[in-house]
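The values are calculated or read from the model by the stated rules, or taken from the named source; none is laboratory data. Worth saying up front: this structure is predicted, and the values here are computed from it rather than measured. Here the Cβ is made from the backbone with ideal geometry for all residues, glycine too, and neighbour counts use every protein chain on show. Accessible surface is based on the protein model in full, side chains and every heavy atom, while ligands, DNA and RNA are left aside. Shrake-Rupley method; radii C 1.70, N 1.55, O 1.52, S 1.80 Å.
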Amino acid sequence: MISADRGHGCRGAVVRSARQGEVVQACDAEHRVVHTVEYRVHIELATTSDAHQAELVARLKELGATTADVGQGHVPWTVMADPEGNVFSVLEPRELYRDTGPIAAVVVDCADPRAMVRFWGDAIDWTVHELTDDRALLRSVEGVGPYLEFRRTPDDKVVWNRVHLDVMSNPVEDQAREVTRLEGLGATRADVGQGDVSWVVLADPEGNEFCVLGRG
């Protein structure tokens, strides 16, 4: 599960204040500059053809998204920001993502993709599809849904998150055991102001917060 925090908390699984990352620029339909923020985690959307990509970008603009400049230069994908300034990408057609559904990948900027795969591969038991010093791809063992991608990023570009992952033990009643297992893999408890809630907030070895959901 993917949760997105709003500026003063969220309606998903965790309540916290978004911590500001890197300010980039987007322009609305009247070409006014809109301030947006780039975080460590972002979503990439899949398309099936050039026409589909153009249609999706147009529809997202109608819904309130804006194009954004994060220094990407001339690239085949389109970088956008949602109405609250969260940056995401609409990808050109790629064979890798032909069967993912609308979300191609959840992308996490990190310092060490190999270390992140060691943690997350064991944490959620997903299959490793690619692993290099600069990039790693994980996907459900069933071969369905989006990829979880880790990309090496310079230290000065690594900032905090507004999008986070929620995981659930199977069965859900084993939440405490799952938290203990994840702590054994290197996760740590995190206090994001959540108070007395049914989920447990943890952070992976690079400090990315995520939630272990419980019954409630």
Top-ranked residue of the stretch 146-164 - restricted to ones that are of a type in the set (D, E, K, R) and modelled with pLDDT under 90, ranked as nearest to the chain's Cα centre (by Cα): ARG162
Considering only the stretch 44-88, state which residues are at positive phi and out of contact with any Pro (no Cβ under 9 Å at 6 or more places or on another chain). GLY71, GLY73, GLY85
Scanning the stretch 36-92 residue by residue, the ones that are assigned to a strand (DSSP E or B), charged (D, E, K, R) and more than 20 Å from HIS164 (Cβ to Cβ) total 1
GLU183 vs. criteria assigned to a strand (DSSP E or B), at pLDDT 80 or above and not β-branched (Val, Ile, Thr): no
Among residues of the stretch 196-216 being buried (at least 17 other Cβ atoms within 10 Å of the Cβ) and not in a strand (DSSP E or B), the residue farthest from the chain's Cα centre (by Cα) is GLY214
So VAL106 clears everything in (1) among the hydrophobic types (A, V, I, L, M, F, W, C); (2) out of contact with any helix residue (DSSP H, G or I) (no Cβ under 9 Å at 6 or more places or on another chain); (3) open to solvent by 70 Å² or more (accessible area, probe 1.4 Å) except one condition, right? Which one? (3)
Filtering the stretch 73-94 down to residues that are loosely packed, with under 15 Cβ neighbours inside 10 Å and under 18 Å from the mean Cα position of the chain (by Cα), which residue is farthest from ALA51 (Cα to Cα)? GLU84
State all residues of the stretch 89-148 that are touching a Pro at 6+ places or on another chain (Cβ under 8 Å), over 18 Å from GLU44 (Cα atoms) and among the β-branched types (Val, Ile, Thr); if no residue qualifies, say none. THR132
Considering every residue within the stretch 35-45, establish whether at least one is more than 19 Å from ASN208 (Cβ to Cβ), out of contact with any helix residue (DSSP H, G or I) (no Cβ under 8 Å at 6 or more places or on another chain), at pLDDT 95 or above and open to solvent by less than 20 Å² (accessible area, probe 1.4 Å). no
Condition first: open to solvent by 30 Å² or more (accessible area, probe 1.4 Å), touching a residue at least 24 places away in the same chain (Cβ under 8 Å) and either over 23 Å from ARG118 (Cα atoms) or under 20 Å from the mean Cα position of the chain (by Cα) (or both). Now tell me which residues in the stretch 165-185 satisfy that. LEU165, MET168, GLU173
From the list THR100, THR66, which residue is modelled with pLDDT of 95 or more, more than 27 Å from LEU137 (Cβ to Cβ) and buried (at least 18 other Cβ atoms within 10 Å of the Cβ)? THR66
